[in-house]
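The values are calculated or read from the model by the stated rules, or taken from the named source; none is laboratory data. As the structure is a computational prediction, the values presented were derived from the model and not from experiment. Cβ atoms come from the backbone with ideal geometry, glycine included; neighbour counts cover every protein chain shown.
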Amino acid sequence: MNLVLDVGNSLLKIALFEKSELIQKFKFSENYKRNIEDLMLNYKVTHSIISNVGRIDDSIINILKESTNLLLVSNQLKIPFKNLYKSKNTLGQDRLALVSAAAFNFPKENVLIIDVGSCITYDFKNNNNEYLGGGISPGISMRFKSLNTFTSNLPLIDFDSIYQLIGNNTKNSITSGVVNGTISEINGIIQQYREEFKNIRIILTGGDSNFLLKRIKNTIFADRNFLLIGLNKLLEDNS
């Protein structure tokens, strides 16, 4: 059984795979070590992989090294696409996994992967299986936090998915600006890609993908597990 760990900026996401089949998913915001130890006791894990864009304690890596064949995501892995990114050493491990998933599943298609989490990342792979790059912008929660952090009087808003175009108080105005701004950004960037490349498959993934899916005008394939699937594919290919 494969154990896949996606260490993000705010959460640890874990998935268990039996070969290519997703068996179980978990999310943790704390007690990473204890939670992983419990999983190792309850499941027969033989291989593991870690994608880390946040922080992870060395003790967790040591546990997995001792108990499994551990693979750390890096640009040294065998990947299923040609990487044309100029600064390969700075390419996020999560983005590497997302493009790998696109290359495994849609090798002969133009694919734009949009991951909406703490940040919004855009990654484009062409129909020659070449990764060209993409973009990074603040995610929804980061936009709320930045307005509170970098101003003197704007409050921190707890986003509850209810918003309108015209905000009739400060809370509603902030929510309108953040949510409608995010939706307009995503729609606008998709449109720019469609103008430059034909027949693009758009994939939406990440924690805010369910909320945004119905609010984006373009035809989109949504899969919240896309990154986890990509990590498992990398693990299978490099084991």
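Brief remarks on what is shown
- Filter result for Ser100 (in a strand (DSSP E or B), crowded, with 16+ Cβ neighbours inside 10 Å and touching a residue at least 40 places away in the same chain (Cβ under 8 Å)): no
- None of Gly188, Gly207, Gly167 is free of Cβ contacts under 8 Å to residues at least 12 places away in the same chain, part of a loop (DSSP other than H, G, I, E, B) and either surrounded by 15 or more Cβ atoms within 10 Å (Cβ to Cβ) or in the same structural domain as Leu112 (by TED's automatic domain parsing) (or both) except Gly167.
- Extreme residue, farthest from Leu231 (Cα to Cα), among residues of region 67-87 that are at pLDDT below 90 and out of contact with any strand residue (DSSP E or B) (no Cβ under 9 Å at 6 or more places or on another chain): Gln76
- Taken together, the residues in region 26-64 that are under 22 Å from Cys119 (Cα atoms) and in a loop (DSSP other than H, G, I, E, B) amount to 6.
- Filter result for Met1 (surrounded by fewer than 18 Cβ atoms within 10 Å (Cβ to Cβ), of a type in the set (A, V, I, L, M) and touching a helix residue (DSSP H, G or I) at 6+ places or on another chain (Cβ under 8 Å)): no
- Members of region 65-97 that are of a type in the set (Lys, Arg) and either surrounded by 15 or more Cβ atoms within 10 Å (Cβ to Cβ) or assigned to a loop (DSSP other than H, G, I, E, B) (or both): Lys78, Lys86, Arg95
- Every condition in (1) modelled with pLDDT of 90 or more; (2) outside any helix (DSSP H, G or I); (3) under 21 Å from the mean Cα position of the chain (by Cα) is met by Ile216 except one, and the failing one is (1).
- Residues of region 12-44 satisfying the condition of being of a type outside the set (Ser, Thr, Tyr) and in contact (Cβ under 8 Å) with a residue 60 or more places away in the chain: Lys13, Ala15, Phe17, Lys19, Leu22, Lys25
- Failed condition for Asn2, given (1) polar (S, T, N, Q); (2) out of contact with any His (no Cβ under 6 Å at 6 or more places or on another chain); (3) under 22 Å from Leu96 (Cβ atoms): (2)
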